[in-house]
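Chemist: Right, I'll just put the structure down here and ask away after.
The values are calculated or read from the model by the stated rules, or taken from the named source; none is laboratory data. Computed from a prediction, not measured in an experiment: that's the story for all the values here. When we count neighbours, we look across all protein chains shown, and the Cβ atoms used for this are built from the backbone with ideal geometry, even at glycine.
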Amino acid sequence: MCSAPSIASFVLQHAVEEPGRHAISDERSAHTYEELARNVRILALSLQRRGIRRGDFVAALTPPRSDAYTLFLALNLIGAIWVGLNPRYKLRELRHIVEDAKPKALFFASSPQVAASLEDIAELVSECACLRFVVCFDGNVSHGVLERVSSYSDLLAEGTEPAGQPNMGESSIGPIEEDIAAVIYTSGSTGKPKGVLIPNRSMIHRAQTQGRDYLLKGERPRCYAILPLNHVGGLVLICAYCVVNGGAMVFRERFDVDTVGDDVLENRINILIMLPTMYQQVFASPRFRESDYRHCQIFLWAGGTLPTWIIDTLRGMGGGEVRTNYGASELCSSVTRSDPDLDTSTLSQTIGYAIEDELRVVKPDGMIAAIGEIGEAQVRNRWIMKGYLGLERETRSAFTDDGEWFKTGDLMMVMEDGRNLKFVGRVSNMLKSGGYNVYPTEIENWIVEHQDVKLAVVVGKPDDLYGEVGHAIVVPKEGRSVTEEEMKRWCQKGLANYKVPKSFEFRGQLPMLANGKVDLVALKAASRPQS
């Protein structure tokens, strides 16, 4: 399906065919495809002058913004590799990734959305000899070793027009589409983050498939780009999708629930891609207005489920098409999709069905799961990661013995229609309570159907009698309250007794990871007795 060897190739192609089309914008600037292509070429040449070559790693510590994605495209153009650093990471966490990937350069944003202080970044730079040069997106900074840091604008100012075209260098071996475009580090929920190697061909395929599956009436995609660029959600699901299909990205450094509607309306966003928690926050905001979303033809979410009342409300807004999918870093974004006319009850439970038979559900005995059966989701080794950086053993163990299928570790069930799949939970998160398998996701989905509940997470805690029991952390909706007894009655109404959590905890908010998902590690640690 690939018609260009890299993501950046599409930018150059659009710049020739539709130079005046809006391509990229954020709080500071806006650029057409012609302007974006020019900046990408200039930046690519500046990087090459500083010794960045095909196959080199370059790290970026930044929230979602135009200049950061321009850097990704410039690296992509010369065959260098983007290493996204989580903007919420502190020094210890950043050190692990930089020491693991050994990037030759570091770009960073001096932004309130970056948790690391200038002192942290200075210490990181002084400790890591691999970093040959450092660039600040926001101009020159004055702090110790950072006084010698270049600014992003300096790199762009090195040429009004490129004196030559960036090239892949003398080391060009093999087709560019097989090159690694990015290293995406996992959230580390089961240990230290691992670097997922994502090739150009996988990113392009996902973006082209998405453009085919999410049809916009006579329009190119216009996306509200709020998902982080150190994750496939931002880098592929939104950005690659827009670039490959000639669309526009509207970046925002932070998710401001009170201004989402204004941004969506002003920029005529036609496909809104957010996480379930984001949709819930938008609906809870006193500034929420359905009319702000009049241009949205499709509302898409990933990374969880939505309550039925939100789905029904979305169906009455904009174009009224509401859809979901399932993906992961190792899968280079989505491998399932839901149909546009799926009934609300099913849509509130499903992650859709496999795209092009890429996914299968396998029971512990190795047999393919039938209707109503639970098994592990496995994805065909074709359009996914090439492996984990520097971890050959972990890479081999992540696949089936024949190397054909990637084992996701996610448990799924084939729904009654024999087509759609239901996400049941992680293999590692399943509770074994009194001999029963208990899946937290099923319980969480039922709890949030309660009219006064906004969010819920269920974790396991040790129990002398049952071995392990469920502990529910519940976030009520703003202005509402619920009691433990009320929650127990609600759970008993829709769940078997062995699934009902044995204890409940109520909070105003939950700890979150930078990718918008709940920090399960922190919640599990808090629920267990301290030794």
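Chemist: Which residue is surrounded by the fewest Cβ atoms within 10 Å (Cβ to Cβ), if the candidates are limited to region 85-100 and must be part of a helix (DSSP H, G or I) and under 19 Å from the mean Cα position of the chain (by Cα)? Spell out the reasoning first.
Modeler: Filtering region 85-100 down to residues part of a helix (DSSP H, G or I) leaves 91-100.
Filter again for under 19 Å from the mean Cα position of the chain (by Cα), leaving 93-94, 97.
On the way: 93: 18, 94: 24, 97: 24.
Among them, the one singled out is 93.
Chemist: A further question follows. On the basis of being at pLDDT 85 or above, under 19 Å from residue 281 (Cβ atoms) and not assigned by TED's automatic domain parsing to the domain that holds residue 276, does residue 481 make the cut? Step through it out loud before you land on a result.
Modeler: Details: at pLDDT 85 or above: yes; under 19 Å from residue 281 (Cβ atoms): yes; not assigned by TED's automatic domain parsing to the domain that holds residue 276: yes.
It is true that residue 481 is at pLDDT 85 or above, under 19 Å from residue 281 (Cβ atoms) and not assigned by TED's automatic domain parsing to the domain that holds residue 276.
Chemist: Then there is this: Quick check: is even one residue across region 486-508 at pLDDT 90 or above, within 32 Å of the chain's Cα centre (by Cα) and closer than 30 Å to residue 230 by Cβ?
Modeler: yes
Chemist: Condition first: surrounded by fewer than 19 Cβ atoms within 10 Å (Cβ to Cβ) and outside any loop (DSSP other than H, G, I, E, B). Now tell me which residues in region 396-415 satisfy that.
Modeler: Scanning region 396-415 gives 396, 397, 399, 407, 409.
Chemist: Here is a further query. Select, from 29, 66, the only residue that is surrounded by fewer than 19 Cβ atoms within 10 Å (Cβ to Cβ), under 27 Å from residue 133 (Cβ atoms) and either touching a Ser or Thr at 6+ places or on another chain (Cβ under 7 Å) or of a type in the set (Phe, Trp, Tyr) (or both).
Modeler: Working: 66 fails: surrounded by fewer than 19 Cβ atoms within 10 Å (Cβ to Cβ).
Only one candidate qualifies: 29.
Chemist: Further question on the same structure: Considering 276, 193, which residue is within 30 Å of residue 444 (Cα to Cα), in the same structural domain as residue 324 (by TED's automatic domain parsing) and surrounded by fewer than 22 Cβ atoms within 10 Å (Cβ to Cβ)? Write out each step before concluding.
Modeler: Numbers: 193 fails: in the same structural domain as residue 324 (by TED's automatic domain parsing).
Selected residue: 276, the only one of 276, 193 that is within 30 Å of residue 444 (Cα to Cα), in the same structural domain as residue 324 (by TED's automatic domain parsing) and surrounded by fewer than 22 Cβ atoms within 10 Å (Cβ to Cβ).
Chemist: Checking residue 347 against (1) within 28 Å of residue 198 (Cβ to Cβ); (2) modelled with pLDDT of 95 or more; (3) under 22 Å from the mean Cα position of the chain (by Cα): exactly one of these is not met. Which one?
Modeler: Every listed condition holds for residue 347 apart from (1).
Chemist: Tell me, please, whether a residue that is assigned to a strand (DSSP E or B) and out of contact with any Pro (no Cβ under 7 Å at 6 or more places or on another chain) can be found in region 446-453. Steps first, answer last, please.
Modeler: Of the residues in region 446-453, the ones assigned to a strand (DSSP E or B) are 453.
If we keep only those that are out of contact with any Pro (no Cβ under 7 Å at 6 or more places or on another chain) too, we end up with none.
Checking region 446-453: not a single residue is assigned to a strand (DSSP E or B) and out of contact with any Pro (no Cβ under 7 Å at 6 or more places or on another chain).
This table checks each residue for (1) free of Cβ contacts under 8 Å to residues at least 24 places away in the same chain; (2) assigned by TED's automatic domain parsing to the domain that holds residue 292; (3) not in a strand (DSSP E or B).
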| site | (1), (2), (3) |
| --- | --- |
| 324 | no, yes, no |
| 345 | no, yes, yes |
| 365 | yes, yes, yes |
| 376 | no, yes, no |
| 379 | no, yes, no |
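Chemist: Can I ask one more? Looking only at region 12-24, decide whether some residue is acidic (Asp, Glu) and either within 26 Å of the chain's Cα centre (by Cα) or part of a loop (DSSP other than H, G, I, E, B) (or both). Spell out how you get there, then give the answer.
Modeler: Step one: list which residues in region 12-24 are acidic (Asp, Glu), which gives 17-18.
From what is left, the residues that are either within 26 Å of the chain's Cα centre (by Cα) or part of a loop (DSSP other than H, G, I, E, B) (or both) are 18.
Yes, there is a match, as at least one residue in region 12-24 is acidic (Asp, Glu) and either within 26 Å of the chain's Cα centre (by Cα) or part of a loop (DSSP other than H, G, I, E, B) (or both).
Chemist: Within region 467-501, can you find the residues that are within 19 Å of residue 437 (Cβ to Cβ) and surrounded by 14 or more Cβ atoms within 10 Å (Cβ to Cβ)?
Modeler: The answer is 468, 469, 470, 471, 472, 491, 494, 495, 498, 499, 500, 501.
Chemist: A further question follows. Scan region 257-291 residue by residue and report those that are of a type in the set (S, T, N, Q), modelled with pLDDT of 95 or more and assigned to a helix (DSSP H, G or I).
Modeler: 291 - this is the single residue of region 257-291 that is of a type in the set (S, T, N, Q), modelled with pLDDT of 95 or more and assigned to a helix (DSSP H, G or I).
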